[in-house]
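Bear in mind these aren't lab numbers, they're just calculated from the coordinates by the rules spelled out. No experiment lies behind these values; they were computed from the predicted model shown. For neighbour counting, all protein chains shown are included, and Cβ atoms are generated from backbone atoms with ideal geometry for every residue, glycine included.
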Amino acid sequence: MKKQKRITDIIVYIILSLGSILMIGPLLWMISTSLKDKTGVFALPPQWIPDPIQFEAYTKLFQLDTLGYGIKNTIIVSLSVTIVGTITSSMAAFAFAKLRMPFKDWVFLILLASIMIPYPIIMIPQFVMFSKIGWVDTLLPLIVPGLFGNITMIFFLRQYLANVPYSLIEAAKVDGAGYLQIFFKLIFPVIRPAVAAQFILWFMGVWNDYLAPLIYLNSPEKQTLQVVIANLKATYAIQTDYPLIMAGSVVSLLPVLIVFLIFQKQIIESVALSGVKG
Amino acid sequence: MASHRCLLLKGVKSMSGINPVVGAKDVKPKKPKKQKSSALYKQEHRVAFLFVLAPVIGFLLFSVYPFAYSIYASFTDWNGLNRMNFIGFDNFVKLFQDPYFYQTLYNTVFYMIGIPIGLGLALLLAIALNRGLRGTTFFRTVYYIPVISSLAAISIMWAWAYNGDFGLVNQVLEIFGVQGPNWLENTSTVKPAIILMAVWKGLGYSMLLYLAAIQSVSKSFYEAADLDGANSFQKFLNITWPMVKPVTFFLVITNIIGGFQIFTEINIMTPTGGPEYSAASIVWYVWQKAFKYYQMGYGSAMSLILFIFIFIVTVIQFYLNRKSDYSLD
């Protein structure tokens, strides 16, 4: 019995390892391509470790104005949305979970229904709406809607707050604390782990967004990173400059990858929890 | 959940001057005694109202209003600039005669073949990871990396990997003596190629949810099964599978809803919608019509159809969710 388990373990190990090669292989190959020169890409047999290793593609990439714009704009959009949006979302979650208000649960359910209206359904009128006030080709259509909060985040924070006893808030009220004070001094520290995980997930979502920036942004100095690298692909594929294209993708992936590797425990736990909770 | 409670207690204890009722169950406040403290309650109502105001305004302004407008626009010849003329059901009539509409709808549904494939693989992986081998955390992280990666970058990378002459996929196939096609330029291979990529990208997420579900299954079930002499397959069929059913259900639904919205992969890997539109998805076609040809009314009509599909799936989810013992809390 024990021996059989050992053999199974070894087989499972081999399968898992092969699987992780399949998962990580393409990414390593992308990095490897970005470190080749233009002709090295077409070498036969293919080289996994470029010979010689070249940083030419990256030097070229960072000389492009568009990349700088892309990084700057993406940082502006993703940070402003997530920072302000997290505050509005967590205040709303607090009210939905712990404060008394007529029709509170109804309002919450109706907000939750907005999950059913995905972005592609409303992108046309939203575009025209923003174009009427002259916001096309600015970052505002990407930023402003997010500032009003995110229902997914409200949902998870509200769940999390369900564990906080009412007596705690009542006691703080008796002590004469105002609601803002209760929120910032009492509630926010308690929900901070959940807020952090949701914040990171949202940040990665905004960072990686492609459709909305594609619709709204035209001029190069306004584009976000995802659109910039997609344009790189369209422009340089004809010149078969694959190292440059891959370097662009690596640069756009790296920040999120680093954030993930640092906070992987929190991220993975929070995602796993979200599935269990539905 | 245990860790959360711990954190909560820590948070509670750090508050000075407040005496927490440790371990007390969530005590709902008693029904307000109107005559006694209505002023206080009014103030609380006001604060609560202010706190939820931002998302409510955002919801009305950026979801409800555009959505209502979109429904109205479906019945007009709107081009985004000129006056909208009401044209009744013309858009829908045209839509149901549009071969590209059917083609893109067919493609979109075709891509969903990847859902059962991905879920099956994810479940197998989760079971493998649940054996508690060394390096489980490492494997979990590795499988999760594609999930967090930017879809645009991933699509660019795979477009290059599918290159007919120098792409990674064909180079690997060549080791086994197989001459691979030019994946993205071939009507019969472009959809499977995109499905493969989508499975690759989504695997880690489903695996993670399955793993969490499997880990929450009480060990005593398996021990009891062992005593009864059940083999691994029987244990899977009678314990694991029923226990992860809610997760399967959740993943199927969210994947279908997400699948209806597939766009980025298509637009980056096949900018022209693939040979003979064989890769174009419905959202890609809407985008094309609305923002390339400025047929906003027509595009809106199409998105309305898309909404109806998503709505049906969501209603099914809601209904079945209520029937099963699996609840939102």
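Annotations for the structure displayed:
- Close lysine pairs were tallied over region A:119-278: pairs 8 or more places apart or on different chains with Cα atoms under 25 Å apart number 4.
- Rounded, prolate or oblate (a/c below 1.5 giving rounded, otherwise prolate when a/b exceeds b/c) for chain B by Cα gyration tensor: oblate
- Listed peptides B:217-223, B:90-96, B:40-46 by packing density, highest first (mean Cβ within 10 Å): B:90-96, B:40-46, B:217-223
- Between the residues B:Leu168, B:Tyr100, B:Val142, the greatest Cα displacement towards the positive end of the dipole of region B:75-198, with unit charges on the Cβ of Lys, Arg, Asp and Glu, is found for B:Val142.
- Counted by Cβ distance under 13 Å from A:Val12, the other residues give a net charge of +3, where Lys and Arg count +1 and Asp and Glu count -1.
- Computed on chain A, with alpha-carbon pairs under 8 angstrom and 6+ residues apart, the relative contact order is 31 percent.
- Per the Cα gyration tensor, the protein assembly as shown maps to an equivalent ellipsoid with semi-axes of 41, 34, 25 Å, ordered largest to smallest.
- Residue with peak Gaussian network fluctuation, chain B [Cα springs, cutoff 10 Å], from B:Gly229, B:Gly118, B:Gly299: B:Gly229
- 222 nm mean residue ellipticity, helices alone, for chain A (DSSP H n ≥ 4; -39,500 (n - 2.57); rounded to 500): -24500 deg cm²/dmol
- Share of Cα-Cα pairs in region A:57-277 lying beyond 23 Å, as whole percent: 56
- Applying the Karplus relation 6.51 cos²θ - 1.76 cosθ + 1.60 with θ = phi - 60° to region A:172-183 yields 3J(HN,Hα) values of 5, 5, 4, 6, x, 7, x, 5, 5, 5, 4, 5 Hz, where x marks Gly and Pro.
- Cα pair distances of region A:125-169 binned at 5 Å [whole percent]: 5, 18, 16, 14, 11, 10, 9, 7, 7, 4, 0
- Three-way shape call for region B:48-141 based on the alpha-carbon gyration tensor, with the a/c threshold at 1.5: oblate
- Angle between chain A longest axis and helix A:242-277 axis [Cα atoms, degrees, rounded to 10]: 30
- With Cα atoms, 0 to 90° folded angle of helix A:119-132 axis to chain A main axis: 80
- Long-range amide H partners of B:Thr76 with built H, under 5 Å: B:Ile87
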